[in-house]
Amino acid sequence: MNQPVPVLGKDLIGLEPLSREQILTILDTAEHFKDVSERKVKKVPVLRGKTIVNLFFEASTRTRISFEFAQKRLSADTVNITASASSVVKGETLVDTARNLEAMRIDMVVMRHASSGAAKFLAERIPSHVINAGDGRHEHPTQGLLDMLTIRDHLGRLEGLRVCIVGDVLHSRVARSNIFGLLKLGAEVAVSGPKTLLPVRMEELGVQVFPRVEEALEWAHVINVLRLQLERMKGGYIPSLREYNRFYGITKARLDAAPRDILVLHPGPMNRGVEIDSDVADGPNQVILKQVTNGVAVRMAVLYLLAGGKPEIAHTVREAGES
Amino acid sequence: MIIRPLLIRGGRVVDPSQGLDEVLDLLLVNGAVSALSKNVGPAAEAREIDGNGLIVMPGLIDAHVHLREPGQEHKETIASGARAAAAGGFTAVCAMPNTDPPIDDPATVGFVMAEGKRVGVARVYPMGAISVGMKGEALTEFGEMVEAGAVAVTDDGRPVMDSGLMRMALEYAQAFGIPVVDHPEDLTLSRDGSMNEGLVSSRLGLRGKPNAAEDIHIVRDILLAELTGGRIHLQHVSTRQGVDAIRRAKARGLQVTGEASPHHLLLTDEAVDGYRTEAKMNPPLRSPEDRDAVQEGLLDGTLDMVATDHAPHHYDEKEAAFDDAPNGVVGLETALGLIHTHFVLTGRMDLSTMVERMSVAPARVFSLPGGTLRVGSPGDVTVFDPQGEWVVDPVRFLSKSRNTPFAGWTLKGKPRYTVVGGAVVWEEKQK
């Protein structure tokens, strides 16, 4: 019997293990799903009868809701489990939680967890599809994908673009997914931030390092501004939020001084006045809410492809369910 | 108890303590070496072992083992650990004090000694804690612990962060003739790291511990040994600069010794890729340059001995996300095969040096009986088949735990008989 090779494999753990073609397939498939959300009846029967568990061990509003909308618009049945309500607080191990879910015959798990590698750990132990919705400081692949889709929407390409990730790269799963994905699609990637918040040996990953954000803005076509977790100050990584804003904050003055128009992304939630000033966050160069909209389409594409949907007939969802 | 005499005939005796490497007969009577020569005459009642093709060496000693008892018997017990030691060719082990409660008073030292004797397999020599409760604040009763059987003091697993306390430990220990043993790690640098800081940690998004965390404490300990005239033993050295610092200290005549673990000798932080918790230990697996430097240090004697840092953990504890899994790997049942296969058979180390690093040196540094087959010494002998090929299968370990990064490795060379006090305490079942 000739089993078609699944486009993505069993799971989506990160962008590092994916090929350029796989990433492009997801982005192209997402294009077809964009307009499902623009209709009056925002539902297609693609995942009817599929059961999906959203297993969130860390607080999340945006990502969890984005996944949930994507699932509901594809007609899947979903259950949300959050850490505070789960048996994890009663001492159950991650493996046992997963096995219990599995025993209820589910099809997919979308998981966020505070430990790097947790998604891979789960994926190796249960037969259901696993989608990583953020594991520690490792990857957040759907965020990386929606960032790339948004850049491509606005600049028409990724190849040859210069994208700089600004801020707390050390603790950021968004940064790693951006780096791995953008490099595969032929973009040039840099990071900029206080050295205390940059991982070591980034150059060996093919990433440029700008210690001062002004140099980064001189270089970049696109910047992806990371959220500065307020607890980094307590950890001693930066002396104060005020100083951070002074030297690394994305301000209108800094953008105006750059030699070209720079597209500004932010994965949210924003700390206005810390890593990004309000006149930038609300300004003409930002595409922050476009990222949020694209997030639903990208997640629909990932769910569709993991469930065995064929990329070459994804366009049929445009007709399907139309009222 | 009367022990039957044991006569090992015609084995290749490798004993660097006497500069010996030749085919001899070895007779053990009443728990001690009674004769070591060509053609020992028949001994009444003796069990005879045909040593043809086998290597006969002073019993191996592992100076760094976690037996987990008291308090964590689900990981290992003194009994299971001692049996695992014997199965790995070790006739003696030093038990680390980070138990629950810690071995930090003479009564607990006495318990470990007594339990080791009751089990009667490999000899068990406890190390006592440096500080009460291993809290890094006040010195324990070194003198009373030594009288109860402790062979050294260490807060292994919890580095002594207070340099003033370390100075006093190095001074106070001198009267009792024991070295101070340190797990060198500056916790303010390693912070909450869970692997080596490097390219792999950057890729995997795991928190890294830089080499400097270890280097700084190695250098500090050396300076304090110089200041006090004390003896410092540095555990599981894993960094290039750490090895260099010890080499220079030795050249200056300081009383500094060090150990290398099989995993730091043979693996790098690439082994963590895929978030493999069986490659998580402290200090972490480092870069290829560091691994090469540790190898070089062991070969030239900068690092005096191989010590496994046998650190058993229950299956459930390692079956977790990387950050959530405990540090440590088991080592007793793989060390000899690993060193023989990867150092002796590759021609980088002769058998004599292997025995020096795995038996003679630990006996010397910790003033333990053994480490020699001189007539009159304890009858602690490892008989080793250098041809025996085997595949590491954790399910077959006698240790209670299975957490090894070497599962599936094919090794050449395995213990055939482990003899403690003239009695065979472990032998390989012949098919």
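Amide H to amide H, with H built 1.01 Å from N, A:ASP168 comes under 5 Å of A:LEU226, counting only residues 5 or more places away or on other chains. Considering region B:81-146 at the alpha-carbon level, its Rg and Dmax are found to be 12.5, 38 Å. Residues in region B:412-426, backbone N under 13 Å from the label point at B:GLU389 (7 Å along the Cα-to-beta-carbon vector): list them, ranges by number please. Hits in region B:412-426 for B:GLU389 at 13 Å: B:412-413.
So how tilted is helix A:141-155 from the main axis of chain A? Cα-based, degrees 0 to 90, rounded to 10. Approximately 60 degrees, to the nearest ten. Comparing the full protein assembly with the isolated chain (1.4 Å probe, heavy atoms, ligands and nucleic acids excluded), the residues of region B:200-220 losing at least 20 square angstrom of accessible area are B:SER202, B:ARG203, B:GLY205, B:ARG207. Calculated [222 nm] ellipticity per residue, helices only, for chain A: -10500 deg cm²/dmol; basis is -39500 (n - 2.57) per DSSP H run with n ≥ 4, divided by all residues, nearest 500.
Farthest towards the positive end of the charge dipole of chain A, among the residues A:LEU265, A:TRP219, A:MET233, is the Cα of A:MET233, using unit charges on the Cβ of Lys, Arg, Asp and Glu.
Were the residues from B:ASP162 through B:ARG348 laid out at 0.36 nm apart, the gain over their Cα-Cα distance would be 63.0 nm. Selection among B:ILE218, A:ALA123, A:ALA190 by position relative to the dipole of the protein assembly as shown gives A:ALA123 as farthest towards the positive end (Cβ unit charges, Cα centre). Using 0.36 nm per residue and subtracting the Cα-Cα separation, the extra length available between B:GLU289 and B:GLU73 on full extension is 74.0 nm. Note on A:LEU289/B:TYR315: beta-carbon distance plugged into 1/(1 + (r/R0)^6) with R0 of 51 Å gives a FRET efficiency of 0.60.
The residue among B:MET113, B:VAL243, B:GLN255 whose Cα reaches farthest toward the positive pole of the charge dipole of chain B, with charges on the beta-carbon of Lys, Arg, Asp and Glu, is B:MET113.
Evaluated over the Cα positions of region A:165-313, the convex hull gives a direction-averaged projected area, one quarter of its surface, of 10.0 nm².
Rounded to the nearest 500, what is chain B's calculated 222 nm mean residue ellipticity when only DSSP H runs of at least 4 contribute -39500 (n - 2.57) each, over all residues?
Numbers: 14 runs with 118 residues, N = 431.
Using -39500 (n - 2.57) per qualifying helix, the result is -7500 deg cm²/dmol.
Contact order, relative form, for region A:1-143: 27 percent (alpha carbon pairs under 8 Å, 6 or more residues apart, mean separation divided by residue count). Using C-alpha pairs under 8 Å with a sequence gap of at least 6, the mean separation divided by the residue count of region B:58-128 gives a relative contact order of 37 percent.
Using the alpha carbon gyration tensor of region A:2-160, what are the three equivalent-ellipsoid semi-axes (square root of 5 times each eigenvalue), largest first, in whole Å? It would help to have the intermediate numbers written out before the result.
On the way: eigenvalues 137, 69, 53 Å².
Semi-axes, largest first: 26, 19, 16 Å.
Ranked by the mean number of other Cβ atoms within 10 Å of their residues, highest first, the peptides B:281-293, A:133-145, B:135-147 fall in the order A:133-145, B:281-293, B:135-147.
Taking the Cα centre of the protein assembly as shown as reference, the dipole from Cβ charges on Lys and Arg (+1) and Asp and Glu (-1) amounts to some 1820 debye. Working from the Cα coordinates of chain B, the gyration tensor eigenvalues give, after taking √(5λ), semi-axes of 33, 24, 21 Å in decreasing order. Once both labels are positioned 7 Å from their Cα atoms along Cα-to-Cβ, the gap between A:THR61 and B:ARG396 label points is 5.9 nm.
Would you mind giving the total buried accessible surface between chains A and B, with a 1.4 Å probe and ligands, DNA and RNA left out, rounded to the nearest 100 Å²?
Numbers: alone 14410 and 16110 Å², together 28740 Å².
For A against B, buried area totals roughly 1800 Å².
In a reduced charge model with +1 at each Lys and Arg Cβ and -1 at each Asp and Glu Cβ, chain B shows a dipole moment near 960 debye about its Cα centre. Here the Karplus curve 6.51 cos²θ - 1.76 cosθ + 1.60, taken at θ = phi - 60°, turns the phi angles of region A:234-239 into couplings of 5, x, x, 6, 9, x Hz, with x standing for Gly and Pro.
Can you bin the protein assembly as shown into rounded, prolate or oblate? Criterion: square roots of the alpha carbon gyration tensor eigenvalues sorted a ≥ b ≥ c, rounded for a/c under 1.5, prolate for a/b above b/c, oblate for the rest.
Numbers: a/c = 2.65, a/b = 1.97, b/c = 1.34.
Prolate.
Both the radius of gyration and Dmax for chain A are 19.6, 64 Å, in that order, over alpha-carbon atoms. Per residue, the average separation of C-alpha pairs within less than 8 Å and at least 6 apart gives region A:103-255 a relative contact order of 19 percent. Accessible area of A:TYR244 (1.4 Å probe, protein heavy atoms only, ligands and nucleic acids ignored): about 10 Å². Once the Cβ-Cβ distance of B:GLU270 and B:ASP100 is raised to the sixth power relative to R0 = 41 Å, the FRET efficiency obtained is 0.75. Calculated FRET efficiency, B:GLU137 to B:GLU428, Cβ-Cβ distance, R0 = 41 Å: about 0.30 to the nearest 0.05. Counting only alpha carbon atoms, the long axis of helix A:173-184 and the longest principal axis of chain A meet at about 90°.
Overall, the accessible surface of the protein assembly as shown at a probe of 1.4 angstrom is composed of carbon and sulfur to the extent of 51 percent.
The values are calculated or read from the model by the stated rules, or taken from the named source; none is laboratory data. Quick caveat: nothing in here was measured; it's all calculated off a predicted structure. Cβ sites come from the backbone with ideal geometry, for glycine too, and all protein chains shown count toward neighbours. The protein model used for the area step is the full one, side chains on, heavy atoms only, and it has no ligands, DNA or RNA in it. Shrake-Rupley method; radii C 1.70, N 1.55, O 1.52, S 1.80 Å.
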